[in-house]
Amino acid sequence: MDVIHYPEDARPATWRSPVLALGNFDGLHRGHVKILERIQRGAAERGGTSVVLTFDPHPPRVLRPDKAPSLLMTKTQKLEALARAGVHGAAVVRFTNEMSQWEPERFVRSVLVEWLRVAEVWVGADFLFGRDRSGNFSLLRSLGAQHGFRVEKIDAVRYKDFVVSSTRIRRLVSEGRVDEAAALLGHHYAIEGTVVEGAKRGREIGFPTANLSTSNEALPPHGVYATTVWIDGHVHSSVTNIGQRPTFGDQLSTTVEIHVLKLDRNLYGRTLKLAFVQRLRDERKFPDVGALQEQIQADVRRATRLFDRLSV
């Protein structure tokens, strides 16, 4: 997948009649997938190129940094997911304070027309753009007619009684409702990171753990989770604790500790992908190490029963 950035990169000559999906695409959930499928179909019909336009940094980071949400994906993870989805190109607009003051007409002219020369643009039902979010679908369609490109929208995707949105998924993850988040995403919520050396207390009590250092912002709350982890292209069942190890009185920064079931291997320095399947319990302080060991054994048994049902 070709990736270009505005304003420094030129549109590749190989991008013919771009059919564009416009948005932030954090998490790449069921609604996003529907838009991607539509632009890929449109590109095939036109003999054109399917392209996603997204913004970096996420606009709220610039407009209201104190209230900006924790994102579900890093930029790298998002681009990798778009490539796996089969999109031909990604156009990343570097969002700045100056750009936030652009009227909608200037954004359309400078980015969509002069930079990308789009043939077709697809947006979500609630898409807003331009200064003070003053541009909406109707204005974009009118501007498209003036500049010679088609504009269409995808209606909101619903799962059961809920509209699928990145905002709702972030809230579910932040509340530890990772199984519900997975239903809206269409896949388990996952983070990535590198295994770093820890205090080795897990190994001392019979449950060795891999300590994950991650750049992902949206961590589920402190607690114990049934998880899966990708190692060397294979998925393994695991139990993960997010917290501060209160039984040992550490009270340090939050750690992500993964106990991989039926695997005892040195994973230091490995890059792992960790997916959250279900919350098992809150993190809590135990009276002694023996009580902690008994609880971890119970956590492993519960997770194993869950994975047996899911055929993991």
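The values are calculated or read from the model by the stated rules, or taken from the named source; none is laboratory data. If you're wondering where the values come from, they're calculated on a predicted model, not measured in any experiment. With ideal geometry, Cβ positions are generated from the backbone for all residues, glycine too; neighbour counts draw on all protein chains shown.
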Among the residues in the range 49-70, are any of a type in the set (S, T, N, Q), under 16 Å from T167 (Cα atoms) and not in a helix (DSSP H, G or I)?
yes
Among the residues of the range 225-246, are any without any contact (Cβ under 8 Å) to a residue 24 or more places away in the chain and under 19 Å from V196 (Cβ atoms)?
yes
Candidates R11, R16 - the one that is over 20 Å from V108 (Cβ atoms) and either part of a loop (DSSP other than H, G, I, E, B) or at pLDDT 95 or above (or both)
R16
Take the range 81-96 and flag every residue that is within 20 Å of A43 (Cβ to Cβ) and without any contact (Cβ under 8 Å) to a residue 40 or more places away in the chain.
R84
Considering only the range 42-80, state which residues are among the hydroxyl-bearing types (S, T, Y), under 24 Å from K273 (Cβ atoms), surrounded by 15 or more Cβ atoms within 10 Å (Cβ to Cβ) and in contact (Cβ under 8 Å) with a residue 40 or more places away in the chain.
T74
Those residues of the range 122-161 which are in contact with a strand residue (DSSP E or B) (Cβ under 8 Å, 6 or more places away or on another chain), touching a residue at least 12 places away in the same chain (Cβ under 8 Å) and in a loop (DSSP other than H, G, I, E, B), in sequence order
A125, F127, F149, A156, V157
